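Report on the following structure.
The values are calculated or read from the model by the stated rules, or taken from the named source; none is laboratory data. Note that the coordinates shown come from a computational prediction; the quantities given were computed from them, not determined experimentally. Ideal geometry is used to build each Cβ from the backbone, glycine not excepted, and the neighbour counts take in all protein chains shown.
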């Protein structure tokens, strides 16, 4: 093994030469001795030594601490300080650069040797830890991507199964046939629930699970969950009730969907494992500690309030030796009963993760053959906002009005079953439907004939739905109206997908598997501009041809001055090409790692582009530039190349839309 290269940085030539002789006697190699900070950085970049011995006091404007900060921070080379300073202030400042050791002059040869060896061991351990962390992150991202792809394929299949079964249930059937079809639908819904559990776990592991906060009615949310399990409870003769304690506010700000998910899981388990008796849901306001959780706390009322939820049943109970593992993943709550009680083993683990996201805690108390009570706390923000009453909104009924005119619809999907299902659902309401199998076919048909509505899948061969809608909204699809309503019909179901599709120019979104009720509701909403009171999605773009450019926001910030907006856009058009050329500089050269100097130039240009993009209202371009900057900081060539390629594509779309927009200002 070749000797370790050590760069010596000291402005006293005699001292530096003495250190060099000592290091060579100890078996190390000293490729260079330098006397100032800038030269030290340049030599460290060229020679890539395994270690740097750095004097704190150096000639010139840059001292050893500043030079060490760059060498250890950017080049990831360990640094040991050599100094005659021993005052506390200097040592404290030196610690900010994360050195691997200190040697106070004069020092002994043995002390130098041991300090170097300890520094090398520490550096090696840190590199292994960082490599392991990076690999774990990559594995999690790969697994998350796999789950997303798997979800897409399974949802497509479930879409066909559930959709065709629903259609068949609307035809004349014998009781036996109806029972068979109902079983198919129920089984498919169970499979969909398991799929959603798996997706939630993958989001949690990839740290992509987040909360969507908005005002909601606590009592209404709880009542909705109770109603959903009531039929199963009534079949078993169980009494089901819920109670809100004193002080529980009517309206709070939080994630009602995730709260619904937690309660639905706990209530579903309670019904499953209770053969007779009662199930009670209680919600109480937490004021300080509680007997069940002595360390419960509450923040000031104007900032947050804490609620305690409990689901109590008189069922089978859980053996004491299983209580400690009840919230672990892949542990099924069989409660030592027959094998009829099965599940994914993920429900309670997901509930606990969601409760953690809500800054709460979850626990259980149970006695075998006497029942169980599951508790959890969650924090919400007080809210005075009125939540519309939706008890008579018609949610849950077919909402497509009979008087609505019949539509000419174009649907694009590469999956034959999905195309046929959409066609059948449309024809059932009297609409006409033309089909395409990809985005190119869709654009060709739109250029030939007039349609009232487009339904498109996202992921298709040759051209996907997002690329097609971008061309339509930007005016680059010849003969196609830019403002035609377009609804995404897709199996993409991860957090943020809906917002991404709307931002890209979709008018609205329908998730697979398709349900006729929801399908008709979304179409009705597009043509009547109505929204149900509990709709989670943002307002759809109605004829918005600038999905990548927020013109309204820029005009508002520029006080409606269209000449000023045009000027900053023209400046951006002129500068962005030069910035993109600087960004591409990072990819020059060979090897798996980027050249540091070129990467620094590219990083500066990328950050400038991100700032400029925010100023001109191009939020998607700014976000893409931020991701590109992160890739450049890591210095990995393949990752940077992918990020730069995506940035170029986004910039091209943005500039195209900007050019169209300037003509209409």
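Those helices (runs of 4 or more DSSP H) of segment 1-87 in which at least 1 residues are over 17 Å from residue 106 (Cβ atoms), assigned by TED's automatic domain parsing to the domain that holds residue 100 and in contact (Cβ under 8 Å) with a residue 24 or more places away in the chain, considering only elements entirely within it, cover 37-47, 64-74. All of (1) at pLDDT 80 or above; (2) in contact with a strand residue (DSSP E or B) (Cβ under 9 Å, 6 or more places away or on another chain) hold for residue 247 with one exception: (1). Being more than 16 Å from residue 73 (Cα to Cα) and more than 39 Å from the chain's Cα centre (by Cα) is a property that residue 135 lacks. Flag: residue 553 matches the condition of being within 20 Å of residue 620 (Cβ to Cβ), modelled with pLDDT under 80 and not in a loop (DSSP other than H, G, I, E, B). One residue alone among 41, 116 is touching a strand residue (DSSP E or B) at 6+ places or on another chain (Cβ under 9 Å) and crowded, with 18+ Cβ neighbours inside 10 Å, and that residue is 116.
Scanning segment 589-602 for residues that are part of a loop (DSSP other than H, G, I, E, B) and touching a helix residue (DSSP H, G or I) at 6+ places or on another chain (Cβ under 6 Å), which turns out surrounded by the fewest Cβ atoms within 10 Å (Cβ to Cβ)? The residue in question is 592. Checking the structure you have, find out if any residue of segment 126-142 is more than 30 Å from residue 69 (Cα to Cα), at pLDDT below 80 and touching a strand residue (DSSP E or B) at 6+ places or on another chain (Cβ under 9 Å). No, segment 126-142 contains no residue that is more than 30 Å from residue 69 (Cα to Cα), at pLDDT below 80 and touching a strand residue (DSSP E or B) at 6+ places or on another chain (Cβ under 9 Å). Hey, can you tell me all the residues within segment 443-479 that are under 20 Å from residue 422 (Cβ atoms) and part of a loop (DSSP other than H, G, I, E, B)? Matches in segment 443-479: 449, 450, 451, 452, 457, 458, 459, 460, 461, 462, 463, 464. When segment 167-189 is filtered for residues that are modelled with pLDDT under 85 and closer than 22 Å to residue 489 by Cα, the ones remaining, listed by number, are 185, 188, 189. Apart from one condition, residue 2 fits all of (1) touching a helix residue (DSSP H, G or I) at 6+ places or on another chain (Cβ under 6 Å); (2) closer than 27 Å to residue 128 by Cβ; the exception is (1). I want to confirm something. Restricting to segment 447-465 and keeping residues that are buried (at least 21 other Cβ atoms within 10 Å of the Cβ) and within 24 Å of the chain's Cα centre (by Cα), which single residue is modelled with the lowest pLDDT? The qualifying residue modelled with the lowest pLDDT is 460. When residue 637 is tested against (1) out of contact with any strand residue (DSSP E or B) (no Cβ under 7 Å at 6 or more places or on another chain); (2) surrounded by 18 or more Cβ atoms within 10 Å (Cβ to Cβ); (3) in contact (Cβ under 8 Å) with a residue 24 or more places away in the chain, exactly one condition is not met: (1). Among the residues that make up segment 411-419, is at least one of them crowded, with 22+ Cβ neighbours inside 10 Å, touching a residue at least 60 places away in the same chain (Cβ under 8 Å), part of a loop (DSSP other than H, G, I, E, B) and in contact with a helix residue (DSSP H, G or I) (Cβ under 6 Å, 6 or more places away or on another chain)? The answer is yes, given that some residue of segment 411-419 is crowded, with 22+ Cβ neighbours inside 10 Å, touching a residue at least 60 places away in the same chain (Cβ under 8 Å), part of a loop (DSSP other than H, G, I, E, B) and in contact with a helix residue (DSSP H, G or I) (Cβ under 6 Å, 6 or more places away or on another chain). When residue 275 is tested against (1) assigned to a loop (DSSP other than H, G, I, E, B); (2) modelled with pLDDT of 60 or more; (3) in contact with a strand residue (DSSP E or B) (Cβ under 8 Å, 6 or more places away or on another chain), only condition (3) is not met.
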